[in-house]
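The structure appears right after this line, and notes come after that.
FYI, it's all coordinate maths here, none of it is from the lab. Just so it is clear, the model here is predicted, and its values are computed rather than measured. Cβ placement follows ideal geometry from the backbone for every residue including glycine, while neighbour counts extend to all protein chains displayed.
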Amino acid sequence: MLLGKLVHKRNRSRQRYRKQVHLHAVKDLKRRFLMLAAVVAAHSVAMVYFEDLDWWQAFWLTMTSASTTGYGDISAATFWGQLATIVFIYGMGITLLAQIASDYVEIRLIRKEMKIKGRLEWSDMQDHLLIINTPTTDTERYLTLLVQQICNTPGLDDAPIQILTPKFPEGLPETLRAQGVVHHTGDATAPGMLDSAGVAKAKYIVVLSPDSLDSHSDSLVFDTLHRIKEIGTKAFILAEAIDDANRERFRQSGAKAVIRPVRAYPEMLVRSLVAPGTERVLEDLFRYQGDHTIRINVSLYNIRWADVVTELIQRDLGTAIGFEDTMGNIVTHPKSSERISLNALILLIGEDQKAPTKEDILRILAQHSQAN
């Protein structure tokens, strides 16, 4: 029995502190509303009974008295009517109304703070772009660049953006909030966090590698992909992989596109969302293996760009993607009919292709001129 009393006392104490710090005081607000309604009803009945008012006049007098407006057009004249006003309105009604107003403002402020700090679920968000994880270094700069690219990309420019990360427990930087970005504070591998971020209702999901220099990050990304797959989603999923050997595992876990973490160029990630497959082309440009770009210093004058491109492609000598003009400017993808003069060609060469020499290009284009 003594143990029961101690437990009861401890629980009562815990409930007391819980009541003081509980962030969702909605139940208290509802209870005070019900108490106020009871006070208004009791005073209105008293005014009808003691002051011989009709129901609307009784209600009007009750509300103007409780709100301390007091127009003076109607007032209690009898002793019992005045006593009822003192007890119900001055003793209870005004206090309850003040408490309701105070609680409402407090709840609004708390909810606003919780939204800023990522403590609330954005339950009404759907067809959004969900970014899971954030880089460990230069986080704000990278996310700012990434969001700017998303906002400038047709098809993604109006998509709601949510970030799931433990990185900003005190709120997102102003540069991100100004773009309409919201976040949910938490670890994607913790139970329930992906559900809270609306994985099932997202249109795009980007799973970033937390540390692009630590191969252990691939394990975290794989775990996240596996959890997303268990929940189920129709979203297009893009994941970052540090080790190329993990690409196939990521695809089997639901990733539609896999890309290396390239923190200096978030444009690559965004292009992969709107044009899947381009990540492979763009990645190859950053390494010598596979397709790569070369520069050939060769001088050509007053020649059609289309002739340069087609002659090289037909002879399997690469694809011309740009050139340096006679003023030293780099030009990419000029109009096919444009006649150009250049000091150097920039070609995209396949892994098994042989790079042409300066002499090869001059000879091929000379033969083309003679034929035409």
**Q.** With Cα atoms, 0 to 90° folded angle of helix 94-116 axis to the chain main axis
**A.** 10 degrees
(Q) So I have (i) 19.3; (ii) 18.2; (iii) 33.5, and one of them is mean projected area of the Cα convex hull in nm² calculated from this model. Which one is it? (A) (iii)
Q: Among DSSP beta bridges lying fully in the chain, give the percent that are antiparallel, nearest 5.
A: 45 percent
(Q) Once you order the gyration tensor axes a ≥ b ≥ c over the Cα atoms, which shape class does segment 148-190 get: rounded for a/c under 1.5, otherwise prolate or oblate by comparing a/b with b/c? (A) oblate
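Note down the net charge around Lys203, summing +1 for each Lys or Arg and -1 for each Asp or Glu among other residues with Cβ under 11 Å from its Cβ.
Value of the local net charge: +1.
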Q.
Please compute the length gained on full extension between Arg141 and Asp124, using 0.36 nm multiplied by the number of residues separating them and subtracting their Cα-Cα distance.
A. 3.3 nm
Q) Out of His43, His183, His216, any idea which swings most in a Gaussian network model of the chain, alpha carbons joined below 10 Å? A) His43
Q: Once you've got the Cα coordinates, tell me which of Lys27/Lys203; Lys167/Lys234; Lys234/Lys354; Lys167/Lys256; Lys27/Lys201 are over 32 Å apart.
A: Lys27/Lys203; Lys234/Lys354
Q) Does segment 310-372 come out rounded, prolate or oblate, given a ≥ b ≥ c as the square roots of the eigenvalues of its C-alpha gyration tensor, rounded meaning a/c under 1.5 and, failing that, prolate meaning a/b above b/c? A) oblate
Q.
Starting from the 7 Å offset along Cα-to-Cβ, what nm value, one decimal, do you get for the label separation of Ala159 and Arg177?
A. 2.5 nm
Q) Considering the dipole of the chain built from charges on the beta carbon (Lys and Arg +1, Asp and Glu -1) around the Cα centre, which of Leu365, Met92, Leu146 is farthest to its positive end? A) Met92
Q. What is the pair-distance distribution P(r) of segment 297-339, computed from all Cα-Cα distances in 5 Å bins starting at 0, with each bin given as a whole percent?
A. 5, 21, 32, 29, 11, 2
(Q) Can you compute log10 of I(q)/I(0) for segment 222-372 with the Debye formula, treating each Cα as one identical point scatterer, at q = 0.18 Å⁻¹? (A) -1.02
Q. What angle, in degrees between 0 and 90 and rounded to the nearest 10, separates the Cα long axis of helix 358-371 from the longest principal axis of the Cα atoms of the chain?
A. 80 degrees
Q. On a 0 to 90 degree scale, rounded to 10, what angle separates helix 55-66 from the longest Cα axis of the chain?
A. 70 degrees
Q: Per DSSP H run of at least 4 residues, take -39500 (n - 2.57); add these up for the chain, divide by its residues and hand me the 222 nm value, nearest 500 deg cm²/dmol.
A: -14000 deg cm²/dmol
Q | Value of relative contact order over the chain, rounded to a whole percent, pairs C-alpha under 8 Å and six or more apart | A | 10 percent
Q. So what is the diffusion coefficient of segment 163-294 in µm² per second by Stokes-Einstein at 10 °C and 1.306 mPa s, using a Kirkwood Rh over Cα pairs?
A. 101 µm²/s
Q: Would you kindly give the portion of the calculated P(r) for segment 43-200 that falls above 29 Å, as a percent of all Cα pairs?
A: 48 percent
